[in-house]
1. In the list B:67, B:75, which residue meets the criterion of being touching a strand residue (DSSP E or B) at 6+ places or on another chain (Cβ under 8 Å) and either farther than 28 Å from residue B:107 by Cα or assigned to a strand (DSSP E or B) (or both)?
2. Restricting attention to region A:174-209, which residues are surrounded by fewer than 14 Cβ atoms within 10 Å (Cβ to Cβ), within 13 Å of residue A:118 (Cα to Cα) and over 25 Å from the mean Cα position of the chain (by Cα)?
3. How many of the residues in region B:175-210 are outside any helix (DSSP H, G or I) and over 16 Å from residue B:244 (Cβ atoms)?
4. I need the full set of residues from region B:110-121 which are in a helix (DSSP H, G or I), under 22 Å from residue A:70 (Cα atoms) and modelled with pLDDT of 90 or more, in order please.
5. Taking residue A:110 as the residue in question, decide whether it is more than 17 Å from residue B:262 (Cα to Cα), within 12 Å of chain B (Cβ to nearest Cβ), part of a helix (DSSP H, G or I) and touching a residue at least 40 places away in the same chain (Cβ under 8 Å).
6. Considering only region B:147-169, I want to know if a residue exists there that is in contact with a helix residue (DSSP H, G or I) (Cβ under 7 Å, 6 or more places away or on another chain), on the phi < 0 side of the Ramachandran plot, within 14 Å of chain A (Cβ to nearest Cβ) and surrounded by fewer than 17 Cβ atoms within 10 Å (Cβ to Cβ).
7. Would you confirm whether any residue within region B:369-389 is part of a loop (DSSP other than H, G, I, E, B), surrounded by fewer than 21 Cβ atoms within 10 Å (Cβ to Cβ) and without any contact (Cβ under 8 Å) to a residue 24 or more places away in the chain?
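The values are calculated or read from the model by the stated rules, or taken from the named source; none is laboratory data. The structure displayed is predicted, hence computed values, not measured ones. Because the Cβ atoms are built from the backbone with ideal geometry, glycine has one as well, and the counts that use them run over all protein chains shown.
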């Protein structure tokens with residue numbers, strides 16, 4: 001880098017004053033431009049996000065079925081009805097179970113991939129292969145499910161062919177379907193999180209691992225003392241993204257149970273329960289938008305809590321690469 | 001100066017906005033207010049373009065335009081069409097007429113979409129000298145009506161019944177549920193699973209108890225169960241529940257029927273793997289492409305649990321609703337009367353393989369026994385007694401989950417009745 005004289009020679013006080021005055025003018029001009037430049041984005045944010053969100057909050061205290069119907073205030077009745085509903089409680093618990101169990105599975109898969117894929121041959125191919133299910137549409141997943149998990153589908157046929165007939169199960173029956181859905185979510189989402197955390201691992205200088213190896217660190221120790229501390233931020237982001245995605249789990253449930261019937265209570269998530277309220281639930285076949293909005297508020301609160309918790313768990317002193 | 005510019009801009013925006021609204025409203029037809037024939041009508045269909053019904057209605061529209069000069073602008077909206085109709089009509093726009101079905105009448109009524117359809121039903125069908133009302137069977141007219149009158153002009157009728165293979169059972173005509181049970185038990189003894197059921201579709205599971213309840217307790221029983229917990233104690237309800245319990249305990253459904261991925265079971269039935277399936281009249285056309293060559297499907301009304309009681313037919317219908325706010329009511333009535341001509345409604349059977357709404361239009365051969373049952377039924381009711389529109393929360397939160405457990409064999413008849421009563425009481429407060 002070249003250091004010029006003008007960089008090192010102190011300026012005369014008059015020059016400073018002139019510079020300060022011109023900087024002040026520039027800042028003033030900038031300040032005048034802030035509002036006009038910011039206004040379109042602010043208006044868009046206000047109109048397309050803040051107002052609809054506020055409307056959702058307001059709606060959760062009302063009973064309304066959409067345009068052309070009367071809106072009436074019901075106070076906390078929608079929340080009270082939710083608390084008293086066996087189906088809502090079941091969907092609430094199932095959503096939490098799905099978010100935590102699948103989240104743990106994703107964390108373990110991501111951790112394993114951080115150890116294995118860093119040095120594995122054909123790492124790029126494996127990443128692409130693992131990422132593929134994330135790109136498949138839920139409709140295609142649903143079709144695949146019909147071939148795989150139907151009572152006379154491939155899974156049971158394979159178990160039968162292997163002589164493991166006692167392991168054959170009615171996989172899509174109400175008592176098992178939620179476990180199958182969770183397995184499906186792991187299969188579908190793992191690739192995204194593996195790619196996400198591996199992008200952070202790729203940023204770690206190889207010399208760190210060389211030093212660790214010279215010091216006699218095993219693969220697991222390298223993960224514990226090098227990889228994990230230096231990817232903590234990305235893991236926190238991944239955890240937050242999963243908290244949001246997990247609470248909103250919807251289409252894969254529909255893909256698994258199909259659209260011909262209402263998903264059984266054992267398979268419902270909060271988003272599915274919300275969908276059922278939106279698509280009719282009030283007398284006259286009209287939507288229960290108030291209850292649906294209340295479920296939406298609950299989902300938002302849980303998501304926020306999970307994000308805060310994941311950030312707190314991950315909160316450490318920031319480490320930076322030299 | 002700046003204020004003046006803003007004022008001019010605001011006025012210009014308002015004018016443009018109002019102009020746009022005016023244009024939108026005009027699309028839904030305005031000239032009738034002046035008494036003149038409209039140049040065009042707007043029709044929002046639910047069928048996907050290219051389906052047999054869409055093709056049929058497009059050809060009817062082409063004939064009508066050729067004959068009258070009135071253009072009909074048809075838009076096939078497929079899924080979500082009902083919501084679009086409600087939203088559009090609520091904002092003062094929307095089509096002149098639209099596709100609807102029996103289970104949407106209540107929501108369209110509540111949203112103010114439907115008006116008095118009486119005058120439309122009195123319109124004479126060209127070349128036939130009879131009105132729309134006069135060519136429809138009484139059972140169908142009753143089914144499409146609510147306390148405010150007719151909900152829509154029906155072109156197709158559907159019902160729920162027992163499908164069987166007439167190649168295997170040429171003289172199949174069980175007079176009672178017990179006779180059906182015996183036939184199915186014999187088939188099971190020969191090593192076949194007699195009855196197909198996609199148990200993952202809770203509506204299909206509910207067909208069983210509803211058909212049994214209809215024959216013991218009559219139409220409207222599901223509504224009674226939804227409204228009055230004491231109805232669960234009725235002996236007629238107990239008899240139907242015990243009939244279903246005997247069917248489940250005899251293990252006559254296909255193995256693992258609660259875990260099938262729809263439409264696996266109905267496809268297996270079409271392929272000849274099972275002999276019977278309780279389903280809608282639409283199933284024949286829905287599975288036609290998968291049908292085994294040796295299978296000859298037929299559908300009959302479900303054999304009654306109590307043959308001493310009068311016959312009850314489950315009737316559903318598809319047809320055309322008319323926007324109450326359309327200013328072209330007379331022109332729409334003219335078109336609908338044109339479309340209800342026998343030559344067109346016959347094609348509901350020949351082109352779309354469904355039961356035509358007119359009494360004198362024959363159904364496809366596999367549906368003819370069911371069509372006769374609908375025509376001759378002493379009483380009619382809607383699918384599920386129409387409870388999905390009147391008591392949807394009870395249906396979704398109480399009845400269907402409970403019925404699923406009962407059909408799965410996880411509850412006895414006594415437990416089903418006791419839990420149904422308790423949960424209905426809890427929901428109704």
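1. Going through B:67, B:75 in turn, just one is touching a strand residue (DSSP E or B) at 6+ places or on another chain (Cβ under 8 Å) and either farther than 28 Å from residue B:107 by Cα or assigned to a strand (DSSP E or B) (or both): B:75.
2. Listed by number, the residues that qualify are A:205, A:206.
3. Adding up the residues that qualify gives 9.
4. Listed by number, the list is empty, since nothing qualifies.
5. no
6. Yes, region B:147-169 has at least one match.
7. No, because not a single residue in region B:369-389 is part of a loop (DSSP other than H, G, I, E, B), surrounded by fewer than 21 Cβ atoms within 10 Å (Cβ to Cβ) and without any contact (Cβ under 8 Å) to a residue 24 or more places away in the chain.
This table checks each residue for (1) outside any helix (DSSP H, G or I); (2) closer than 30 Å to residue A:174 by Cα; (3) at pLDDT below 95.
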site: A:16; (1), (2), (3): no, no, yes
site: A:31; (1), (2), (3): no, no, yes
site: A:35; (1), (2), (3): no, no, yes
site: A:39; (1), (2), (3): no, no, yes
site: A:68; (1), (2), (3): yes, no, yes
site: A:92; (1), (2), (3): no, yes, no
